[in-house]
Amino acid sequence: MGHLPSGKAFEKTVAKQTILKYGIGSCGPRGFYGTVDVHLDLEKQLAEFLGCEEAVLYSYAFAAVASAIPAYAKLGDVVF
């Protein structure tokens, strides 16, 4: 880690580059801003770390529940 640049100048540069690339806003869910490369990169890294084929990230827990139930529940299932 000692080889990485540090300090406020480096942080300011990285922050500026990130803002120019992705923009800014009051929130960042995919449904609003869309999927960007960092979403896909992080999901790939997480899947590799967990040893599974794929992973999906959600911005808040309710979104995960609201998405997972329809994905796994079938006609006639009772979910409570």
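Every number here is computed from the coordinates shown, using simple stated rules; none is lab data. Please read these numbers as outputs of a predicted model, since none were measured by experiment. Cβ coordinates were reconstructed from backbone atoms using ideal geometry, including for glycine residues, and neighbour counts include every protein chain displayed.
Yes or no, residue by residue, for (1) over 27 Å from residue 79 (Cβ atoms); (2) without any contact (Cβ under 8 Å) to a residue 12 or more places away in the chain; (3) touching a helix residue (DSSP H, G or I) at 6+ places or on another chain (Cβ under 8 Å); (4) not small (Gly, Ala, Ser):
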| residue | (1), (2), (3), (4) |
| --- | --- |
| 9 | yes, yes, no, no |
| 21 | yes, yes, no, yes |
| 24 | yes, yes, no, yes |
| 46 | no, yes, no, yes |
| 51 | yes, yes, no, no |
| 69 | no, yes, no, yes |
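If the requirement is being loosely packed, with under 11 Cβ neighbours inside 10 Å and among the polar types (S, T, N, Q), which of these qualifies: 35, 13?
On the way: 13 fails: loosely packed, with under 11 Cβ neighbours inside 10 Å.
Of 35, 13, the one residue that is loosely packed, with under 11 Cβ neighbours inside 10 Å and among the polar types (S, T, N, Q) is 35.
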Go through region 39-75 residue by residue and tally those that are closer than 28 Å to residue 19 by Cα and surrounded by 12 or more Cβ atoms within 10 Å (Cβ to Cβ). 13
